[in-house]
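Novice: Take this structure, written in structure tokens, and hold onto it; I'll ask about it next.
The values are calculated or read from the model by the stated rules, or taken from the named source; none is laboratory data. Since the model is a prediction, treat every value here as computed from it, not as a measurement. Quick reminder, even Gly has a Cβ in these numbers, built from the backbone with ideal geometry, and neighbours come from all protein chains shown. For the accessible areas, the whole protein counts, side chains as well, though only heavy atoms, and no ligand, DNA or RNA atoms are used. Shrake-Rupley method; radii C 1.70, N 1.55, O 1.52, S 1.80 Å.
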Amino acid sequence: MRVIAKSTLRAFYEQPNYQDSQSALEAWHHEVLKENWSNPNEIKMQYKSASIVGDNKVVFNICGNRYRLIVKINYFAEIIYIKFIGTHKQYDKIKVEEL
């Protein structure tokens with residue numbers, strides 16, 4: 001899978017308050033680059049705590065659920081678009097379906 005864009009992850013974990021997320025986000029990025037998921041069930045097999053939220057969006061728990069990463073996946077093109085990364089509190093304030 002291709003990830004659009006790693007710079008979004010980097011911009012997040014380079015902020016002083018979120019530096020603890022760097023290793024987890026880098027590990028997630030490294031893992032998904034090797035994947036070629038064709039449906040949400042394949043994601044759930046690998047990431048049991050991931051939430052499939054419709055419209056090809058997936059919520060990943062990062063750093064023991066301290067952070068949430070929302071992506072939209074184009075399975076046919078094998079592209080993952082990062083839509084949101086933030087704390088659990090920030091996640092609670094957004095509407096996932098509007099991303």
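Novice: Could you state the accessible area per residue of the chain in Å², with a 1.4 Å probe and every protein chain left in place? Working shown, then result.
Specialist: Numbers: 5740 Å² over 99 residues.
That works out to 58 Å² for each residue.
Novice: Which length gain, in nm to one decimal place, applies between LYS34 and ALA5 when the Cα-Cα distance is subtracted from 0.36 nm times their residue separation?
Specialist: Contour length minus Cα-Cα distance gives 8.9 nm.
Novice: Right, another one. Toward the positive end of the charge dipole of the chain, about the Cα centre and with charges on Cβ (Lys, Arg +1; Asp, Glu -1), which of ASN61, VAL3, SER38 goes farthest?
Specialist: Most positive-ward Cα: ASN61.
Novice: Here's another thing I want to ask about it. Full extension from ALA27 to ARG66: what is 0.36 nm times the residue separation minus their Cα-Cα distance, to one decimal in nm? Please list the in-between numbers first.
Specialist: On the way: separation 39, 0.36 × 39 = 14.04 nm, distance 1.55 nm.
Result: 12.5 nm gained on full extension.
Novice: If the convex hull of the alpha-carbon atoms of the chain is projected onto planes in all directions, what is the mean projected area in square nanometres? Please list the in-between numbers first.
Specialist: On the way: hull surface 23.0 nm².
Averaged projected hull area, Cα only: 5.7 nm².
Novice: Once the other residues with Cβ under 15 Å from the Cβ of ARG10 are scored (Lys, Arg +1; Asp, Glu -1), what is the net sum? Please report the intermediate quantities before stating the final value.
Specialist: Numbers: positive: LYS6; negative: GLU14, ASP20, GLU26.
Net of charged neighbours comes to -2.
Novice: Got a number for carbon plus sulfur as a percent of the range 7-76's accessible area, 1.4 Å probe?
Specialist: Working: 1850 of 3880 Å².
Accessible surface attributable to carbon and sulfur in the range 7-76 totals 48 percent.
Novice: Using DSSP to call loops (not H, G, I, E or B), can you name the trypsin sites (Lys or Arg not before Pro) in the range 32-99 whose Cβ has at most 15 other Cβ atoms within 10 angstrom? Mind dumping the intermediate values first?
Specialist: Numbers: sites: LYS34, LYS44, LYS48, LYS57, ARG66, ARG68, LYS72, LYS83, LYS89, LYS93, LYS95; in loops: LYS34, LYS48, ARG66, LYS93, LYS95.
Filter output for the range 32-99: LYS34, LYS48, ARG66, LYS93, LYS95.
Novice: Looking at the chain, which chymotrypsin sites (Phe, Trp or Tyr not before Pro) are in a loop (DSSP not H, G, I, E or B) and have at most 10 other Cβ atoms within 10 Å?
Specialist: Values: sites: PHE12, TYR13, TYR18, TRP28, TRP37, TYR47, PHE60, TYR67, TYR75, PHE76, TYR81, PHE84, TYR91; in loops: TRP37, TYR47, TYR75, PHE76.
Answer by residue number: PHE76.
Novice: To the nearest 20 debye, what charge dipole does the range 1-53 have about its Cα centre, counting +1 at the Cβ of each Lys and Arg and -1 at the Cβ of each Asp and Glu? Don't skip to the end; give the middle numbers.
Specialist: On the way: 6 positive and 6 negative charges, 30 e Å.
Dipole size: approximately 140 debye.
Novice: Compare LEU33, LEU69, LEU25 in a GNM of the chain, Cα atoms joined below 10 Å, and give the one with the largest fluctuation.
Specialist: Checking each option, the largest mean-square fluctuation is seen for LEU33.
Novice: Expressed as an acute angle from 0 to 90° and rounded to the nearest 10, what is the orientation of the C-alpha long axis of helix 22-33 relative to the principal long axis of the chain?
Specialist: Between the helix axis and the principal axis of the chain, the angle is about 10 degrees.
Novice: Would you tally the net charge around CYS63, using a Cβ to Cβ cut-off of less than 14 Å, leaving CYS63 out, and scoring K and R as +1, D and E as -1? Intermediate results must be reported in sequence, preceding the final value.
Specialist: Details: positive: ARG66, ARG68, LYS89; negative: ASP20, GLU26.
Its environment carries a net charge of +1.
Novice: Further question: Got a sec? What order do ARG10, ARG2 fall in by accessible area at 1.4 Å, biggest, i.e. largest, first? Display every interim value, and only then the final one.
Specialist: On the way: ARG10 90, ARG2 135 Å².
Heavy-atom accessible area, descending, gives ARG2, ARG10.
Novice: Hey, another quick one. Mind grabbing the accessible area of SER38 for me, 1.4 Å probe, Å², rounded to tens?
Specialist: Roll a 1.4 Å probe over it and SER38 shows about 70 Å².
Novice: Longest segment of the chain with no GluC sites (Glu not before Pro) in a DSSP loop having at most 15 other Cβ atoms within 10 Å?
Specialist: On the way: sites that count: GLU14, GLU35, GLU78.
Longest stretch, sites excluded: 36-77.
Novice: Can you check what the net charge comes to around LEU33, using other residues whose Cβ is under 12 Å from the Cβ of LEU33 (Lys, Arg +1; Asp, Glu -1)?
Specialist: Working: positive: ARG2, LYS6, LYS34; negative: GLU26, GLU31, GLU35, GLU78.
Taking every Cβ under 12 Å from that of LEU33, the sum is -1.
Novice: Next up: Checking the cross-link filter: which aspartates and glutamates have an alpha carbon closer than 14 Å to that of LYS6, excluding same-chain neighbours under 8 positions apart?
Specialist: Within reach: GLU14, GLU26, GLU31.
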